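Quick notes on the structure that follows.
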Amino acid sequence: MSLAIVNTYILTCKGGAPPITNGAVGIEENNIVFVGKNSEIDPNGYERIIDGSGHVTMPGLVDAHIHTGLSLLRGAAQDVPEIEWMNKALGPFARHMNDEDHLASSKLAVLEGMRAGTTTFAEFSRDVEHLIDEVYVPFKARVAAAETINEIVGRKEELYELEPSKKSLKKNERLFKKYQGDMVEPFYGPQALDMVTQETLRRIKERAGVHHRKIQMHVAQGGRERKQVETRYGTSTVKKLDELGLLKENLVAAHCHGAVAEERKMMAEKGVKMVGCPSSIGMIDGVVPPIKSFLDHGGKAALGTDQTPGNGAHNLFREMRTISLLTKCEEKDPTVLPAWDALNLATKGGSEVLGLNHKIGTLEEGKKADLITVDLKKLNMTPTVTKPFKNFIPNLVYSSTGSEVDNVVINGKLVMENGEFVDIDEEALKKEVEQRAQNVFKRAEEDWLEADAHMVKYLKEGHI
């Protein structure tokens, strides 16, 4: 199919390139073939034409770190101490989810992200091959996929017991052999330093180096991890990863808020990429992801939504606003991380962090046609002015909710048109998710009460 979007504002997200007013984008098959002034395109040469009047056309958003399989548990683990979030608040519910529940959760999360303009997802999950085949391929979404490698087999007092798992690594290796097309980019996925053996990490490092593969990993993600690593190794996560030779350009490090300033500097200088998940980490840890610090040291950074029970939503427009506001507050400086830098984190920055910037992240001729249109006529986006400057730039970050996205194109295909998914029954999925969630919460009730996390206290006090 060939498609043209005409009469539109264009935000290319190319470094230094100003927005285009009264512009047009031309698409043939999977690729962008024209970006420029409306007067320079012949719309008659295209099969489909979208009138972009009152809209901004921009690159599809890149969610550089997401776990989709727990979306059924939205609202199940908020407002609790970080140390109990995973095991006492979330765990009792997660243990009662079956494979079908996880699959429905992933479908919900991907649809939610796409509706708010995300076209590329960096999925970090167990059995990720199943999610690729059952969710991402049918939904026509682009995915950077990491198989979660977790080698915890028990707990001895306060320390996790670890045992090398050839099965998980073999599943991860299969991704690289099976998916060699355009829409799936495999990653290695060791979960975290406290959850994987040194033996497996050394094996991943060696194979990634030989085959030029990328690794995504949770790094320095809070007090629980810090306690485990210091007890086991007598040092910090970042220093241990450096000792193992993993701090390299092929490592994408999620979170990093437990890393001290000198460690963030070392990571950036060694070419490690960072993904910050401000809503999730703000909710779970009460801290601000150190994105500004990482950028100040010359590093590359992006945004992720992490998982729904922590952040509440898979919406990158919300993440842009959140990281900008939190960083301004933390720095006590309203000029830091301005709107255009926040937009970069979710577009070009995301593609650079995932190593996909040769084909997505900006609107340029020759790149893959992953793009969205945003309706500027909505009440919260009104008014739109272009002189003396274009106010839709800050409005995209500080005023948008993501609901203004009405057209989504991925790899040249319209997956959402005029606010409706083209080939996906959204209502049927929502009904299924509602029923599954009711069943999971019912099955988990006794275990949840026994775990006695802060959420139980809130229930007894009548707050929830």
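Quick look at the values:
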item: Positions within region 396-412 being part of a strand (DSSP E or B) and not β-branched (Val, Ile, Thr), in sequence order; result: Asp406, Asn407
item: Answer residue from region 130-160, given it is more than 22 Å from Ala64 (Cβ to Cβ) and among the aliphatic types (A, V, I, L, M) and is nearest to the chain's Cα centre (by Cα) among those; result: Ile152
item: Residues of region 258-307 satisfying the condition of being among the charged types (D, E, K, R), over 20 Å from Ser236 (Cβ atoms) and in contact with a His (Cβ under 8 Å, 6 or more places away or on another chain); result: Asp306
item: Evaluation of Lys156 against (1) surrounded by fewer than 20 Cβ atoms within 10 Å (Cβ to Cβ); (2) under 24 Å from Ser351 (Cα atoms) (one fails), failing number; result: (2)
item: Among the residues listed as Val33, Val80, the single one being more than 23 Å from Gly402 (Cα to Cα), surrounded by fewer than 24 Cβ atoms within 10 Å (Cβ to Cβ), aliphatic (A, V, I, L, M) and out of contact with any Asp or Glu (no Cβ under 9 Å at 6 or more places or on another chain); result: Val80
item: Conditions (1) assigned to a helix (DSSP H, G or I); (2) closer than 28 Å to Val56 by Cα; (3) under 14 Å from the mean Cα position of the chain (by Cα); number of the one not met by Ala313; result: (1)
item: Inter-residue pairs, beta-carbon under 7 Å, first buried (at least 24 other Cβ atoms within 10 Å of the Cβ) and in region 102-114, second small (Gly, Ala, Ser), 6+ apart; result: Ser105/Gly69; Ser105/Ser71; Ser106/Gly69; Leu108/Ser71; Ala109/Ser71; Val110/Ala141; Met114/Ala141
item: Single unsatisfied condition, Pro138 versus (1) in a helix (DSSP H, G or I); (2) buried (at least 16 other Cβ atoms within 10 Å of the Cβ); result: (2)
item: Selection from region 208-235 of residues that are under 23 Å from Leu354 (Cα atoms) and in contact with a Leu (Cβ under 9 Å, 6 or more places away or on another chain); result: Ala208, Lys214, Ile215, Gln216, Met217, His218, Val219, Ala220
item: Among residues of region 370-385, those that are in a loop (DSSP other than H, G, I, E, B) and farther than 15 Å from Lys14 by Cα, counted; result: 7
item: In region 422-437, residue surrounded by the fewest Cβ atoms within 10 Å (Cβ to Cβ) [restricted to those that are out of contact with any helix residue (DSSP H, G or I) (no Cβ under 7 Å at 6 or more places or on another chain) and of a type in the set (A, V, I, L, M, F, W, C)]; result: Ala428
item: Subset of region 36-65 [of a type in the set (A, V, I, L, M) and either out of contact with any strand residue (DSSP E or B) (no Cβ under 8 Å at 6 or more places or on another chain) or farther than 22 Å from Gly350 by Cβ (or both)]; result: Ile41, Ile49, Ile50
item: Residues of region 69-117 that turn out to be aliphatic (A, V, I, L, M) and not in a helix (DSSP H, G or I), as a count; result: 6
item: Residue satisfying all of: in region 301-336; among the hydrophobic types (A, V, I, L, M, F, W, C) and buried (at least 24 other Cβ atoms within 10 Å of the Cβ); farthest from Val219 (Cα to Cα) among these; result: Phe317
item: Index of the failed condition, Ile393 passing every other in (1) among the β-branched types (Val, Ile, Thr); (2) under 24 Å from Gly26 (Cα atoms); (3) not in a helix (DSSP H, G or I); result: (3)
item: All positions within region 42-54 that are surrounded by 15 or more Cβ atoms within 10 Å (Cβ to Cβ) and either at pLDDT 95 or above or closer than 12 Å to Ala369 by Cβ (or both); result: Tyr46, Ile49, Ile50, Gly52, Gly54
item: Selection count where residues are more than 17 Å from the chain's Cα centre (by Cα) and either of a type in the set (Phe, Trp, Tyr) or not in a helix (DSSP H, G or I) (or both), scope region 191-206; result: 3
item: Which listed residue is touching a strand residue (DSSP E or B) at 6+ places or on another chain (Cβ under 7 Å), touching a residue at least 40 places away in the same chain (Cβ under 8 Å) and acidic (Asp, Glu), from Glu163, Glu151; result: Glu151
item: Those residues of region 103-139 which are touching a His at 6+ places or on another chain (Cβ under 6 Å) and among the aliphatic types (A, V, I, L, M), in sequence order; result: Ala109, Ala122
item: Any chance Val440 is hydrophobic (A, V, I, L, M, F, W, C) and surrounded by 13 or more Cβ atoms within 10 Å (Cβ to Cβ); result: yes
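The values are calculated or read from the model by the stated rules, or taken from the named source; none is laboratory data. Worth saying up front: this structure is predicted, and the values here are computed from it rather than measured. Backbone-built Cβ (ideal geometry, glycine too); neighbour counts: all protein chains shown.
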